[in-house]
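Chemist: My questions will all concern the structure given below.
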Amino acid sequence: LLTATLAGAAAFAVYAACLPLTVTGEDSGEFITAAWVLGIPHPPGYPLWCLLAHAFTWLPFGEAAWRVALMSAVFGAGTVFLLALLVLLHTRNHAAAFAAAFFFALTPEFWEQATIPEIYTLNAFLFTLSLMLLFLWEKSRSNRTLAVFAVVFGLGMSTHNTFILLAPCFAGFVL
């Protein structure tokens with residue numbers, strides 16, 4: 001856990017230092033507003049993201065735009081943490097796990113999404129958590145782990161439409 005925690009913490013430090021103080025490009029204005037008023041952004045509405053982002057608007061510091069961007073940084077760092085755990089699970093190599101996760105954290109597209117008010121880091125977090133749960137289920141064949149996976153996958157479906165494309169892959173893995 002120490003290796004994964006260090007990778008996640010390092011990623012969070014980088015992301016937090018780059019968070020915008022106000023509205024950025026893409027859909028950020030729409031997403032910040034939806035988070036603030038607990039509204040519905042463009043279809044499909046991203047219900048889980050809106051609920052979580054609304055909770056981040058309750059933080060007692062920073063502007064609303066910064067607080068919603070902070071959520072992206074938190075889930076980006078969580079994704080890096082889980083990725084390090086996945087690499088450790090398969091390689092048992094701490095240096096490789098840290099390097100793979102941290103270098104992923106620094107890829108331009110992921111870094112950009114982790115520092116603006118967008119839905120993609122939550123989507124990546126739920127995807128990585130789904131993979132982790134499937135690999136743990138493969139080792140244990142525990143019905144409880146598979147049930148937790150199903151819940152996480154369902155939450156992912158409420159985060160972004162791309163999760164629909166993962167259903168056949170995940171079903172094939174389980175079968």
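The values are calculated or read from the model by the stated rules, or taken from the named source; none is laboratory data. None of these values were measured; they are calculated from a predicted model. Note that we place each Cβ from the backbone using ideal geometry, even for glycine, and neighbour counts take in every protein chain shown. Heavy atoms of the whole protein, side chains included, go into the accessibility calculation; ligands, DNA and RNA do not. Shrake-Rupley method; radii C 1.70, N 1.55, O 1.52, S 1.80 Å.
Chemist: Computed FRET efficiency, Cβ-Cβ of ARG92 and SER158, R0 41 Å: what is it to the nearest 0.05?
Modeler: Working: r = 35 Å, r/R0 = 0.84.
Efficiency at R0 = 41 Å is approximately 0.75.
Chemist: Which of the helices in the chain, when you take each full DSSP H run, stretch at least 15 Å along the axis at their Cα atoms and have an average Kyte-Doolittle score of 0.5 or higher?
Modeler: Numbers: long enough: 2-17 (22 Å, 1.62); 64-91 (41 Å, 1.79); 94-105 (16 Å, 1.72); 120-140 (30 Å, 1.08); 143-157 (21 Å, 1.45); 163-174 (16 Å, 2.40).
Answer set is 2-17, 64-91, 94-105, 120-140, 143-157, 163-174.
Chemist: Then there's this: Provide the per residue accessible area, probe 1.4 Å, for the range 41-95, rounded to a whole number of square angstrom.
Modeler: Working: 2400 Å² over 55 residues.
Result: 44 Å² per residue.
Chemist: Viscosity 0.692 mPa s, temperature 37 °C: Stokes-Einstein D of the chain from its Kirkwood Cα radius, in µm² per second? Walk me through the intermediate numbers first.
Modeler: On the way: Rh = 16.6 Å.
Reported coefficient: 197 µm²/s.
Chemist: Can you tally the net charge around TRP49? Count Lys and Arg as +1, Asp and Glu as -1, for every other residue whose Cβ sits under 13 Å from the Cβ of TRP49.
Modeler: Numbers: positive: none; negative: ASP27, GLU30, GLU118.
Within the 13 Å Cβ shell, the charges total -3.
Chemist: Also, quick follow-up: Report the equivalent ellipsoid semi-axes for the range 1-100 in whole Å, largest first, defined as the square roots of five times the eigenvalues of the gyration tensor built from alpha carbon atoms.
Modeler: Numbers: eigenvalues 182, 43, 23 Å².
One finds semi-axes of 30, 15, 11 Å for the range 1-100.
Chemist: State to the nearest 20 debye the size of the charge dipole of the chain about its Cα centre, where the only charges are +1 on K and R beta carbons and -1 on D and E beta carbons. Each step should come with its number before you reach the end.
Modeler: Working: 5 positive and 8 negative charges, 155 e Å.
It comes to approximately 740 debye.
Chemist: Restricting to DSSP H runs of at least four residues, report the calculated mean residue ellipticity at 222 nm for the chain, -39500 (n - 2.57) per run over all residues, nearest 500 deg cm²/dmol. Please report the intermediate quantities before stating the final value.
Modeler: On the way: 9 runs with 130 residues, N = 175.
When only DSSP H runs of four or more count, the value is -24000 deg cm²/dmol.
Chemist: So, one more: Probe radius 1.4 Å, ligands and nucleic acids left out: which of TRP66, TRP58, TRP111, TRP137 has the largest accessible area, and how do the rest follow? Don't jump to the answer; show the numbers that get you there.
Modeler: Working: TRP66 50, TRP58 180, TRP111 85, TRP137 20 Å².
In descending accessible area the options line up as TRP58, TRP111, TRP66, TRP137.
Chemist: Multiply the residue separation of GLU26 and PHE135 by 0.36 nm, subtract the distance between their alpha-carbon atoms, and state the gained length in nm to one decimal. Each step should come with its number before you reach the end.
Modeler: Details: separation 109, 0.36 × 109 = 39.24 nm, distance 3.45 nm.
Going from the current span to full extension adds 35.8 nm.
Chemist: Using a probe of 1.4 angstrom, how much of the accessible area of the range 83-131 is carbon and sulfur, in percent?
Modeler: In the range 83-131, the share of accessible area belonging to carbon and sulfur is 74 percent.
Chemist: Moving on to the next point. Sort THR5, THR159 by accessible area with a 1.4 Å probe, largest first.
Modeler: Details: THR5 70, THR159 0 Å².
Final ranking, largest accessible area leading: THR5, THR159.
Chemist: Once you put a point 7 Å from the Cα of ALA171 and another 7 Å from the Cα of LEU1, both along the Cβ direction, what distance in nm separates them?
Modeler: Distance between label points: 3.6 nm.
Chemist: If you take every residue apart from GLU112 with its C-beta less than 11 Å away from the C-beta of GLU112, what net charge results, scoring Lys and Arg +1 and Asp and Glu -1? Before the final figure, lay out the partial values.
Modeler: On the way: positive: none; negative: GLU26, GLU109, GLU118.
Overall, the nearby charge balance is -3.
Chemist: Oh, and also: Calculate the length of the line joining the C-alpha centroid of the range 97-153 to that of the range 17-81, in whole Å.
Modeler: Between the Cα centre of the range 97-153 and that of the range 17-81, the gap is 19 Å.
Chemist: Using protein chains only and a probe of 1.4 angstrom, how many square angstrom of MET132 are accessible, to the nearest 10?
Modeler: Per-residue accessible area (MET132): approximately 20 Å².
Chemist: Still on this structure: Assuming 0.36 nm per residue, please report the length gained on full extension of the stretch ALA17 to GLU63 beyond their Cα-Cα distance. Walk me through the intermediate numbers first.
Modeler: On the way: separation 46, 0.36 × 46 = 16.56 nm, distance 1.52 nm.
Roughly 15.0 nm would be gained on extension.
Chemist: Largest first, how would ILE119, ILE40, ILE164 line up by accessible area (1.4 Å probe)?
Modeler: ILE40, ILE164, ILE119
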